[in-house]
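Before any comments, here is the structure.
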Amino acid sequence: QINEAPRVYIERIDVNGNTLTQDKVIRREFRSAEGDAFNSTSIDRTTARINSLGFFQEGFEVQQVETAEPDRIILEANVEEQPTGELQLSAGFSSIESFLFSGSIRQRNFRGRGQTIGASAQVSRFSNSVNLSFTEPYLFDRNISLGVNLYRQDVNSFNLTDRDQTRYKQVTTGGSARVGVPLTEYSSLIGSYTLNYDQVTIDENEFFADFDGDGIRTCEPLLATRFICDTLGDRVSSILGLNYVYNSLNSYYRPTRGERLNLGLDFAGLGGDVKYVRVRGQASKYWQVFGDFIFSLSAEGGYIKGLEDRIDRPDVLLTD
């Protein structure tokens with residue numbers, strides 16, 4: 001038997017317990033507004049979105065408080081803030097790269113605005129890298145996200161028989177910017193642009209030769225391999241990306257149910273020296289089984305197609 005019940009409206013929304021996090025960071029995650037009719041589905045979604053922030057205690061739930069009026073209710077977000085700063089330092093030893101050091105620092109709630117800022121670095125015998133990142137989830141208080149990354153990576157390829165001999169060196173310097181807009185409550189579209197500058201060099205004394213006897217030393221594939229000779233020099237990669245994201249997880253950091261799908265398309269060729277089309281996809285699903293046990297399935301795949309058979313470089317001489 002189904003009987004119509006009186007409609008209940010939200011009288012007001014209270015946010016309590018936040019000392020660092022600004023009220024608007026929490027309120028903008030509510031799927032109901034003051035004056036709306038009470039909807040349990042919207043409340044559940046609000047709880048999931050606030051939990052996904054990762055700023056507050058585990059098991060947070062929006063509380064429902066009755067009022068003197070039978071058709072009015074108050075929603076309370078009683079939060080307990082937890083540390084959102086992360087500092088990681090590590091060191092190790094490898095028989096190939098000797099000592100390795102890495103460190104990173106990240107703040108996921110910078111200035112209480114919900115922004116994420118981070119920096120990381122890694123140093124080893126054959127590779128060094130540094131990365132800076134910043135993400136604004138609500139640009140100008142609108143539901144538009146903005147992210148920026150700047151990075152540099154140095155990689156030295158060594159000879160397995162003589163590790164003091166470097167086969168080639170690649171230095172990558174670049175950055176990326178991305179903008180995301182929501183399509184529905186659970187899906188969004190993210191556009192990105194990446195610009196990379198790569199420099200590949202080798203020891204000319206070791207891998208260049210004058211086999212033709214014309215007095216010109218060139219990269220010799222018999223010594224350095226055809227792949228290395230073809231990639232020598234400087235090149236610029238200009239990459240446009242578009243990602244479709246569907247996310248119904250109940251928590252970004254500790255999901256127990258829901259699905260996530262990410263479909264991406266990258267096009268390199270808007271300027272620069274590298275031209276290709278790349279398609280990638282990732283999918284995952286979570287179930288809560290047997291109490292606190294979580295079962296999940298995930299899959300990913302991709303395909304890349306070069307738009308040129310070969311990139312000719314006038315600054316590098318090659319021999320057949």
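Given the conditions (1) touching a Phe, Trp or Tyr at 6+ places or on another chain (Cβ under 9 Å); (2) under 30 Å from Q57 (Cβ atoms); (3) open to solvent by less than 60 Å² (accessible area, probe 1.4 Å); (4) at pLDDT below 95, which single one is not true for N262?
So the condition that N262 fails would be (4).
Would you confirm, using the coordinates I've provided, whether D273 is of a type in the set (D, E), modelled with pLDDT under 95, open to solvent by less than 80 Å² (accessible area, probe 1.4 Å) and more than 17 Å from the chain's Cα centre (by Cα)?
Yes.
Residues checked against (1) in a strand (DSSP E or B); (2) crowded, with 17+ Cβ neighbours inside 10 Å; (3) among the acidic types (D, E):
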{"residue": "K24", "(1), (2), (3)": "no, no, no"}
{"residue": "N51", "(1), (2), (3)": "no, yes, no"}
{"residue": "P83", "(1), (2), (3)": "no, no, no"}
{"residue": "Q88", "(1), (2), (3)": "yes, no, no"}
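Scan (1) in contact (Cβ under 8 Å) with a residue 60 or more places away in the chain; (2) assigned to a loop (DSSP other than H, G, I, E, B); (3) open to solvent by less than 50 Å² (accessible area, probe 1.4 Å) for the single condition A77 breaks and write down its number.
(2)
So which of S120, S127 ends up being farther than 30 Å from A37 by Cα, surrounded by fewer than 16 Cβ atoms within 10 Å (Cβ to Cβ) and either among the hydroxyl-bearing types (S, T, Y) or free of Cβ contacts under 8 Å to residues at least 12 places away in the same chain (or both)?
Sole residue among the options that is farther than 30 Å from A37 by Cα, surrounded by fewer than 16 Cβ atoms within 10 Å (Cβ to Cβ) and either among the hydroxyl-bearing types (S, T, Y) or free of Cβ contacts under 8 Å to residues at least 12 places away in the same chain (or both): S127.
Out of the residues in the range 53-71 meeting the condition of being out of contact with any Gly (no Cβ under 9 Å at 6 or more places or on another chain) and surrounded by 15 or more Cβ atoms within 10 Å (Cβ to Cβ), tell me which one is farthest from R257 (Cα to Cα).
Residue satisfying both the conditions and the ranking: V62.
Can you work out which of the residues in the range 230-244 that are of a type in the set (A, V, I, L, M, F, W, C) and modelled with pLDDT under 95 is least open to solvent (accessible area, probe 1.4 Å)?
Taking the candidates together, the pick is L232.
The values are calculated or read from the model by the stated rules, or taken from the named source; none is laboratory data. Predicted, not measured: the structure shown is a model, and the values here were computed from it. For neighbour counting, all protein chains shown are included, and Cβ atoms are generated from backbone atoms with ideal geometry for every residue, glycine included. Just the protein is used for accessible areas: all its heavy atoms, side chains included, with ligands, DNA and RNA removed. Shrake-Rupley method; radii C 1.70, N 1.55, O 1.52, S 1.80 Å.
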